[in-house]
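Each value in this text was obtained by applying a stated rule to the coordinates, not by laboratory testing. Because the structure is a prediction, the values reported are computed rather than measured. Reconstructed Cβ throughout: ideal geometry from the backbone, glycine too, with neighbour counts over all protein chains shown.
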Amino acid sequence: MAQIHPSSLVDPQAKLAENVVVGPFCTIGPHVEVGEGTTLQSHIVLTGHTKIGKNNKIYAFAAIGIDPQDKKYRGEETQLIIGDNNVIREHCTLSVGTVQDKGITIIGNGNLLMANVHVAHDCVIGNDTIIANNVGFAGHVHVADDVIVGGQSGIHQFVKIGKGVMLSGGSMVRQDCIPYGMYQGYPASPFGINLEGMKRHGYSRAAMHAARESYKLIFREGKTVPEAVEAIKAYASALEDEQAKKVCELMCEFTEQATRQGQDRRHAHAGRHGRADRAGKR
């Protein structure tokens, strides 16, 4: 049976699983489901058509399942789904989806959303991401697994962030970010591959080399996107390491499907290395 503090307001139609803990001054609406072992600290609002999985920990003053900040929203029964083992810190705001997209906002498993993170309507956040303080995701953003987003960053609507990306703090991201890339700046530009992140996740040396080679083919050789994809496929065909092949396949798939061309070669060296190059020429 759920443990509910007497000061909290829980609608009788809300579905709370075993071992759910609801701290003081929380409000839970009628269309909310909360999975086993999830803890609500205090002063939390769960509303909308919201489903929360198991063993999540939600901190004070989070507002989850709120209406989208979108003038087109007319109260449609859209959803927010949150997976298992997430940590959602103070003052986070997570919106339900809109009918202009698939009508659903999704947060995966094992994510850490630090204080004041905003996840707008129709976003899809993968698994095992780290989203630092005061990050804002505009509508329809897709974030793949193992991504790290530095504090104070803003992500433009419809942007896709590939697997294993690392964004420096204060970045303004308005274009898609290739898998395993490192980005920084205003606007954010690529400046290399997140090799340290790949090491931590057990990638082989061959896979890391494949990521670096793909990066060079996309950004540093003046190729068009189709030319870069064909070059990566040709490079991958000679590889023996299966993990390296999968890295190349992911790079090709992401690049071909990119909707906001993060592969803008005009800004390829505008990150740390680009500034160092220019400084050396003075």
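Counting only other residues whose beta carbon sits under 15 Å from that of GLY164, what net charge do I get with K and R as +1, D and E as -1?
Spelling it out: positives minus negatives among the neighbours equals -1.
Mind checking the full-extension length gain between PHE25 and LYS233? Use 0.36 nm per residue of separation minus the Cα-Cα distance, one decimal, nm.
Difference between extended and current length: 69.3 nm.
Taking Cα centroids, how far is the range 1-42 from the range 225-249 in Å?
49
Be a star and scan the range 94-120 for residues whose amide nitrogen sits under 20 Å from the point 7 Å along the Cα-to-Cβ vector of GLU196.
112-114
For LYS102, list the aspartates and glutamates whose Cα falls under 16 Å from its own Cα; do not include residues on the same chain fewer than 8 positions away.
ASP67, ASP70, GLU76, GLU77, ASP122
When the Cα centres of the range 82-112 and the range 165-206 are compared, how far apart do they sit, in Å?
Between the Cα centres of the range 82-112 and the range 165-206 lies a distance of 22 Å.
Obtain the nm distance between the two label points defined at PHE158 and VAL99 by a simple spin-label model: each point lies 7 Å from its Cα along the Cα-to-C-beta direction.
In this crude label model, PHE158 to VAL99 measures out at 2.1 nm.
Normalised by the number of residues in the chain, what is the relative contact order in percent for Cα pairs under 8 Å and 6+ residues apart?
Computed value for the chain: 9 percent relative contact order.
Does anything in the range 57-85 have its amide N under 19 Å from the 7 Å Cα→Cβ label point of GLU18, and if so which residues?
84-85
Computed from the coordinates I sent, P(r) over Cα pairs in 10 Å bins from 0, in percent equals one of (1) 7, 28, 29, 20, 11, 4, 0; (2) 7, 32, 39, 20, 2, 0; (3) 6, 26, 36, 25, 6, 1, 0. Tell me the label.
Computing P(r) over Cα pairs in 10 Å bins from 0, in percent and matching it to (1) 7, 28, 29, 20, 11, 4, 0; (2) 7, 32, 39, 20, 2, 0; (3) 6, 26, 36, 25, 6, 1, 0 gives (1).
Using a simple spin-label model with points 7 Å from Cα along the Cα→Cβ vector, what separation in nm is obtained for GLU240 and TYR186?
Using points 7 Å along Cα→Cβ, the separation is 5.0 nm.
Which whole-Hz couplings ³J(HN,Hα) result when phi for each residue of the range 48-65 is put into the Karplus expression 6.51 cos²θ - 1.76 cosθ + 1.60, θ = phi - 60°, listed in order with x for Gly and Pro?
Whole-Hz 3J(HN,Hα) from phi for the range 48-65: x, 8, 10, 10, 10, x, 8, 6, 8, 10, 10, 9, 4, 6, 6, 10, 10, x.
For the range 3-140, take every pair of Cα atoms, bin their distances at 5 Å starting from 0, and report each bin as a whole percent.
Calculated P(r), rounded to whole percents: 3, 11, 22, 27, 20, 13, 4, 1.
Grab the DSSP H runs of the chain that are 4 residues or longer, score each as -39,500 (n - 2.57), total them, divide by all residues and round the 222 nm result to the nearest 500 deg cm²/dmol.
Mean residue ellipticity, 222 nm, calculated: -6500 deg cm²/dmol.
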